[in-house]
Each structure stands twice: as C-alpha cells, then as structure tokens.
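Asker: Pasting a structure below so you can have a look.
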Amino acid sequence: MDYSELVTALNEGNTRKVNKLIAAIRPRLLAFLRIHMNASEDDAKDISQEALLTAIQTIKKDQIKNPDKVVSYILTICRNAYLKTRMNQRTTPLEEAGRQWQGPRQLQSLLDKEQQQLLQWCLDKLKEHHRKFIQYWFDHPDAHSKKVAEHFNISVNSVWTRKHRLIKKLNECYQKKSNL
C-alpha cells in the first residue's frame with residue numbers, strides 16, 4: 001500500500017481515505033513496537049496512537065518534505081516515544097537499593113527456575129529448525145531483522161512472520177503448561 005497517499009488525503013480533506021490508510025498502517029506500527037522495541041501491548045497502542053496524531057498534525061502543517069517516507073517518519077516517532085517512555089520508567093539507584101533489601105529471594109528464584117523449565121519444555125517441543133531460529137533470538141536479542149534474515153537465508157518479512165508465530169506458539173504452550 002502506498003502510504004504517501006496519506007499526505008494527499010489529509011491535504012484534500014478526504015476523511016474516508018485517511019481512515020482507511022490509518023487502519024492499514026496501525027497494525028504495522030503495533031508490530032514494530034511489540035516485536036522490535038519489545039513494548040507491552042498497552043504501551044504499543046498508546047505510542048502508536050500518539051505517533052499517528054503527531055504525524056497528522058505535522059502533515060497538516062505541511063512540514064513533511066518527502067511524502068514517500070511518511071511510514072519511516074511515523075516509525076521514528078514511535079521508536080523515539082517508546083525510548084523516552086522507557087527512560088522515564090527507570091528507577092533511581094536509591095529505589096533499586098530499597099528493593100534489594102526486601103528480604104530473601106529464594107521463592108522468586110524457585111519461581112524463575114520453574115518458568116525457565118517450562119519455557120525449555122516448550123522449546124523442546126518445537127521442530128529443530130524453529131528451535132534454532134528462536135534460540136538465535138535468545139542469543140542475539142538486539143539483532144536486526146535484516147541480520148537474522150541473512151543468517152537464515154530468508155526474507156526480512158519471513159523473519160518477522162516466523163518470529164511472531166513462534167513467540168505466539170511458545171506463549172500458548174507456556175500458558176497451557178503453567179495452568180495445569
């Protein structure tokens with residue numbers, strides 16, 4: 001889909017076209033925030049909404065120099081807004097020290113071990129090539145999709161799709177196994 005039409009539609013006041021284009025781009029923004037930025041679902045929804053509003057205001061002020069790059073512009077707004085949100089959520093060293101003195105962590109340690117065992121059990125249920133793919137992400141959490149695509153000799157779109165499907169599958173397995 002040609003998202004540069006968003007600029008034209010906004011300038012022409014074509015509300016129907018604007019709504020259609022925004023409905024088409026929003027899932028892409030959500031996926032970017034959830035997959036690449038590791039944002040929570042609620043944060044992704046809020047940030048994508050704010051990014052779209054900012055982009056619309058910028059377009060209406062005729063400040064977009066290259067309408068063909070409108071998606072990149074909105075993704076940049078999303079990334080920056082998420083990083084700013086994360087910076088504001090960080091704890092101070094004093095707060096962190098207070099948490100460390102809240103008593104023994106044996107129970108939490110046991111829970112963490114149990115969660116790791118459940119996750120490993122679910123990973124073992126995957127086919128070998130899927131296990132290798134997801135293990136690559138565990139070993140390289142900051143890897144860009146392009147690098148992963150080159151490593152596995154697949155397209156970037158396939159990387160996104162495969163990663164999303166495997167995470168969903170692991171999540172379902174984990175939920176099912178943990179509720180037994």
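The values are calculated or read from the model by the stated rules, or taken from the named source; none is laboratory data. Everything numeric here is computed off the predicted structure, so don't read it as measured data. Every residue, glycine as well, gets a Cβ built from its backbone with ideal geometry; the counts of neighbours run over all protein chains shown. The accessibility values were calculated without ligands, DNA or RNA, using every heavy atom of the protein model including side chains. Shrake-Rupley method; radii C 1.70, N 1.55, O 1.52, S 1.80 Å.
Asker: Treating the beta-carbon of each Lys and Arg as +1 and of each Asp and Glu as -1, no other charges, what is the dipole magnitude of the range 3-90 about its Cα centre, to the nearest 20 debye?
Answerer: That gives the range 3-90 a dipole magnitude of about 100 debye.
Asker: What does the net charge come to around residue 158 if you take all other residues with beta carbon closer than 14 Å to its beta carbon, with K and R at +1 and D and E at -1?
Answerer: Surrounding charge for residue 158 is +4.
Asker: At a probe size of 1.4 Å, how large is the accessible area of residue 84, to the nearest 10 Å²?
Answerer: That residue has around 140 Å² of solvent-accessible surface.
Asker: In the calculated pair distance distribution of the range 106-179, what percentage of Cα-Cα distances lie above 13 Å?
Answerer: Of all Cα-Cα pairs in the range 106-179, 68 percent lie more than 13 Å apart.
Asker: Same structure, new question: In whole percent, how big is the carbon plus sulfur part of the accessible area of the range 106-179, probe 1.4 Å, protein atoms only?
Answerer: 50
Asker: Need the full-extension length gain, residue 20 to residue 132, defined as separation in residues times 0.36 nm minus the C-alpha distance. One decimal, nm.
Answerer: So the chain would gain 36.5 nm between residue 20 and residue 132.
Asker: Taking Cα centroids, how far is the range 7-27 from the range 133-156 in Å?
Answerer: Rounded to whole Å, the Cα centres lie 33 Å apart.
Asker: How large is log10 I(q)/I(0) at q = 0.14 Å⁻¹ when the Debye formula is applied to the Cα atoms of the range 3-90, each weighted equally and without solvent?
Answerer: Taking Cα atoms of the range 3-90 as identical point scatterers yields -0.47.
Asker: Take residue 156 and residue 41, extend 7 Å from each Cα along the Cα→Cβ direction, and tell me the distance between the two endpoints in nm.
Answerer: The answer from the label model is 2.7 nm.
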